[in-house]
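Below is one structure, written out as structure tokens; comments come after it.
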Amino acid sequence: MQPRFLRSFSAAFAIALCAATMHAHASIPPSVDGQPLPSLAPMLQKVTPAVVNISTKTRVRVNNPFFNDPVLRQFFGLNGVPRDRVEQSLGSGVIVDAAKGYILTNNHVVGGADDITVTLQDGRDFKGTLVGTDPATDVAVVKINATGLQALPIADSSQLRVGDFVVAVGDPFGLGQTVTSGIVSALQRSGLGGSSFQNFIQTDASINPGNSGGALVNLRGELVGINTMILSPSGGNVGIGFAIPTKIAGEVMEQLIAHGKVSRGNLGAQTQDVTPNIAKLLGLKDSNGAVVTRVMPGSAADRAGLQVGDVIKSINGAPLENADQLNNTEGLLPADSTVTLGVLRNGATRQVTAKLTQEKVATLDGGKLDPRLAGVTFSELTDQQASEATSGIIATSVNPDSRAAQAGLSSGDVIVGIGNRRITSLRDLQGLAAARPRQLVLLVATDEGLNYVVIQ
């Protein structure tokens with residue numbers, strides 16, 4: 001038997017449909033039998049002014065062999081030809097502080113942009129200033145100087161339940177502000193690629209290109225998530241969309257506003273999933289948890305007494321299913337946080353308390369190795385990157401005017417070799433660069449695969 005709400009709604013819809021058939025110009029009545037029809041309009045009147053359109057322009061260095069060779073540039077008369085192209089993109093954002101003009105959005109919407117324009121629902125345009133970004137969670141904060149803004153209240157996303165109604169607001173395909181509705185399809189989704197730390201809300205409310213950075217709100221008009229990505233074989237919406245919960249986005253936002261960056265906690269232990277073979281070897285009853293494979297000397301894990309072979313079964317009282325869940329929980333906590341780990345060692349369960357520290361990663365100025373690498377800063381991989389079976393070193397920053405950038409090297413690229421020699425550390429880079437090869441050829445791992453970057 002249908003719930004009373006559904007019976008009333010069905011009856012109301014049938015009556016309205018009959019009325020429309022009898023009279024072509026009849027409108028849906030505001031109420032039936034004294035009962036008002038359900039509508040999201042009153043709530044959305046308060047929500048939509050807080051959701052903005054964000055357009056960006058990014059100047060990208062064109063990597064063309066004719067541009068790189070001074071003789072060819074002069075011969076073909078290319079010296080005056082621009083060597084940059086401008087890429088434009090559209091996204092959305094949510095005003096979270098009307099007085100200070102803070103807007104919450106995605107890193108992939110505004111990260112690396114040279115120009116940011118924020119368009120309000122009333123049509124006003126403002127230049128946006130990037131406060132800070134956090135690629136690891138795909139969160140960013142933009143600031144505008146404007147009056148008459150309206151902000152969304154932020155709800156505690158940890159109170160969401162599967163089946164709760166939600167509404168997505170954004171600017172898909174540049175059509176203009178659009179509202180879609182659905183339910184929370186699942187919680188705590190991870191392992192989807194893209195950002196490093198994931199704990200997504202899954203929803204069937206339509207999310208399409210351009211919705212990124214927009215609002216996911218509950219029926220009270222409170223922000224519960226920042227729309228960020230979809231899962232689709234075709235690129236369009238198929239009812240599987242994801243949003244960053246405000247529990248995460250809010251904490252990251254506070255750090256970005258206060259410090260311009262995120263200081264992330266680090267346990268200092270590498271772990272892996274408990275496979276059936278490992279469970280059998282350790283005499284475990286199930287495969288839940290994460291087994292410790294390495295403890296960094298002097299780390300929080302080391303000071304807490306964790307040992308190789310320990311199986312972490314819970315963190316802060318929450319059961320732990322696998323190593324990814326531990327990585328997400330650890331990475332989403334700020335430095336100096338205290339965590340309690342439930343550890344299984346030699347068949348006995350114990351509680352271990354650790355105070356997370358900020359991970360320190362060695363860096364190196366490329367210009368001190370070779371003039372051709374001036375403007376590039378290299379660093380060792382983080383523990384989290386190393387635990388993903390990644391090897392090499394990372395280009396943490398690349399000056400857009402450097403020779404490396406002109407050759408095609410970008411921030412975030414992982415260098416796995418020079419010439420035909422493998423690189424696993426900054427020491428390897430120093431040794432190979434010291435030979436000063438006539439042609440500097442870097443083997444680089446990007447999201448598209450391996451490719452060579454030749455720096456003249």
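Odds and ends about this structure:
- Using a cutoff of 8 angstrom between alpha carbon atoms and counting only pairs six or more residues apart, the relative contact order for the stretch 311-355 works out to 40 percent.
- Difference of contour (0.36 nm per residue) and Cα-Cα distance, Val238 to Thr424: 62.9 nm
- The mean accessible area for residues of the stretch 100-224, using a 1.4 Å probe and ignoring ligands and nucleic acids, is 42 Å² per residue.
- In a fully extended conformation the segment linking Gln150 and Glu251 would gain 34.3 nm over its present Cα-Cα distance, using 0.36 nm per residue.
- Extents of the stretch 241-293, largest first, come to 48, 31, 14 Å (Cα atoms, principal axes, whole angstrom).
- Residues His259, His108 ordered from highest to lowest accessible area at a 1.4 Å probe: His259, His108.
- Between Ser337 and Ala362, the modelled label-to-label distance comes to 2.9 nm, taking each label 7 Å out from Cα in the direction of the beta carbon.
- Averaged over residues, the count of other Cβ atoms within 10 Å places the peptides 116-125, 409-418 in the sequence 409-418, 116-125, highest first.
- Here the calculated FRET efficiency for Val162 and Asp401, from their Cβ-Cβ distance with R0 = 45 Å, stands at 0.35, rounded to the nearest 0.05.
- For the stretch 89-156: rounded, prolate or oblate by the Cα gyration tensor [a/c cutoff 1.5]: oblate
- Potential lengthening between Ser263 and Lys355 on full extension [0.36 nm per residue; Cα-Cα distance subtracted]: 31.7 nm
- Segments 181-190, 298-307 sorted - mean Cβ within 10 Å per residue, highest first: 298-307, 181-190
- Relative contact order for the stretch 188-231, counting Cα pairs under 8 Å that sit 6 or more residues apart, in percent: 28
- Simple label model, 7 Å out from Cα along Cβ direction - Leu175 to Ala99, nm: 3.8
- Residues of the stretch 101-144 falling in the label zone of Asn451, defined by backbone nitrogen less than 13 Å from a point 7 Å along Cα to beta-carbon, are absent.
- Centre-to-centre, using Cα atoms only, the stretch 403-449 and the stretch 100-150 are separated by 34 Å.
- Taking all protein chains as they are arranged and a probe of 1.4 Å, the heavy atoms of Met43 leave approximately 20 Å² accessible to solvent.
- Over the stretch 155-282, equivalent-ellipsoid semi-axes from the Cα gyration tensor in Å: 29, 20, 15
The values are calculated or read from the model by the stated rules, or taken from the named source; none is laboratory data. Keep in mind the model is a prediction, meaning the values are calculated, not measured. Note that each Cβ is placed from the backbone with ideal geometry, even for glycine, and that neighbours are counted across all protein chains shown. Areas reflect the complete protein model, heavy atoms only, side chains present, ligands, DNA and RNA absent. Shrake-Rupley method; radii C 1.70, N 1.55, O 1.52, S 1.80 Å.
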